[in-house]
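Engineer: This is the structure I have questions about; it appears just below.
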Amino acid sequence: MSVTILLVIATVIASIYAWRDQTLRNKWIHNPYYANRNKEYHRLLTSGFIHADYLHLFFNMYALYLFGGVVEQYFAVFFGSKAILAFLGLYVLGIIVANLPDFVKYKDSIGFNSLGASGGVSAVVFCSVILNPMMELMIFPIPIAMPGYIFAVIYVAYSIFMEKKQMNNVNHMAHLWGGLWGVVFILLLEPSSLSRFIEQIRLPF
């Protein structure tokens, strides 16, 4: 079974359990104030395994499922026996990196909370887009196939739109920070990916 599937299963189970157990949810959610005051730094990671509702969980896990397998295949070629470790580094650190800006900004604000796998998922999404930008995808319910890099643009637009609405505890800006980490990660470990990306998106023109 792939690492992607295992992460999806673990996240679904953790999210459902947290919906039923508010104590666990409160211990795992990203609250920079408590993370800083009580040195509960685990929140930077555990918040990535719980979600606000079914729609939030579905969107993140659907994106992870679509793009994770692609990244795993490339990593198997690039890193061989260390592919699993590289993938976990991309995903887990994506969650942490995406939460760090809010940790710094809100460490003295007790009322700020956020949750969701947005950082890790976006890291995988944007890493995949760099590796295979022309991969055709469809966004339900839009019956039109589009290149992966167009999907990524829509993903960013959705994140910015939802962040401005501020309707829940979902950290939508983490999409952007996680995406940036995904790009930096693959370019550091496989620098030639940038030239291949540029060549591929030029093909249709």
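The values are calculated or read from the model by the stated rules, or taken from the named source; none is laboratory data. Only a predicted model underlies this, so the values are computations on that prediction, with no experimental measurement involved. Ideal geometry is used to build each Cβ from the backbone, glycine not excepted, and the neighbour counts take in all protein chains shown. For accessibility, only protein heavy atoms count, side chains too; no ligands or nucleic acids. Shrake-Rupley method; radii C 1.70, N 1.55, O 1.52, S 1.80 Å.
Engineer: Around residue 134, which amide H atoms from residues at least 5 apart in sequence, or from another chain, sit under 5 Å from its own amide H, with H modelled in the peptide plane?
Structural biologist: Residues meeting the criterion, in which the H sits 1.01 Å from N, are 148.
Engineer: Using only protein heavy atoms and a 1.4 Å probe, report how much of residue 102 is accessible, in Å² to the nearest 10.
Structural biologist: Residue 102 has an accessible surface of roughly 20 Å² with all protein chains in place.
Engineer: So with the 1.4 Å probe, I'd like the accessible area per residue for the chain, rounded to whole Å². Please list the in-between numbers first.
Structural biologist: Numbers: 10580 Å² over 205 residues.
Value returned for the chain: 52 Å² of accessible area per residue.
Engineer: Net charge around residue 103, counting only other residues with Cβ within less than 15 Å of its Cβ (Lys, Arg = +1; Asp, Glu = -1)? Mind showing how you got there, number by number?
Structural biologist: Numbers: positive: 37, 39, 43, 105, 107; negative: 40, 102, 108.
Taking every other residue near residue 103 into account, the sum is +2.
Engineer: Could I ask something else about it? With the contact rule set at Cα under 8 Å and sequence spacing of 6 or more, what percent relative contact order holds for region 1-119?
Structural biologist: Numbers: 141 pairs, mean separation 48.0, N = 119.
The value is 40 percent.
Engineer: What does the charge count near residue 36 come to, summing +1 for each Lys or Arg and -1 for each Asp or Glu among other residues with Cβ under 14 Å from its Cβ?
Structural biologist: Surrounding charge for residue 36 is +2.
Engineer: Using a 1.4 Å probe and counting only protein heavy atoms, arrange 155, 54, 33 so the residue with the most accessible area comes first.
Structural biologist: Values: 155 5, 54 150, 33 55 Å².
Output order, biggest surface exposure first: 54, 33, 155.
Engineer: Eight or more residues apart or on different chains, and alpha-carbon atoms under 22 Å: count the Lys pairs in region 1-151 matching that.
Structural biologist: Working: 27/39; 27/105; 27/107; 39/105; 39/107.
Step by step, the pairs that qualify in region 1-151 add up to 5.
Engineer: Rounded to the nearest 10 Å², what accessible area does residue 92 have for a 1.4 Å probe in the complete protein model?
Structural biologist: Probe radius 1.4 Å; accessible area of residue 92 about 40 Å².
Engineer: Quick check: with the 1.4 Å probe, what order do 165, 39 take by accessible area, largest first? Could you put the intermediate results ahead of the total?
Structural biologist: Numbers: 165 95, 39 140 Å².
If we order 165, 39 from most to least accessible, we get 39, 165.
Engineer: Once the whole set of protein chains is in place, how much accessible area is left on residue 177, using a 1.4 Å probe, in Å² to the nearest 10?
Structural biologist: Here the residue's solvent-accessible area equals roughly 110 Å².
Engineer: Same structure again: Mind checking which of 96, 58, 33 is farthest towards the positive end of region 1-122's charge dipole, using Cβ charges of +1 (Lys, Arg) and -1 (Asp, Glu) about the Cα centre?
Structural biologist: About the Cα centre, the residue reaching furthest to the positive side is 33.
Engineer: Could you identify which residue out of 80, 69, 182 has the top mean-square fluctuation in a GNM of the chain using Cα springs shorter than 10 Å?
Structural biologist: Sorting by GNM fluctuation, first place goes to 80.
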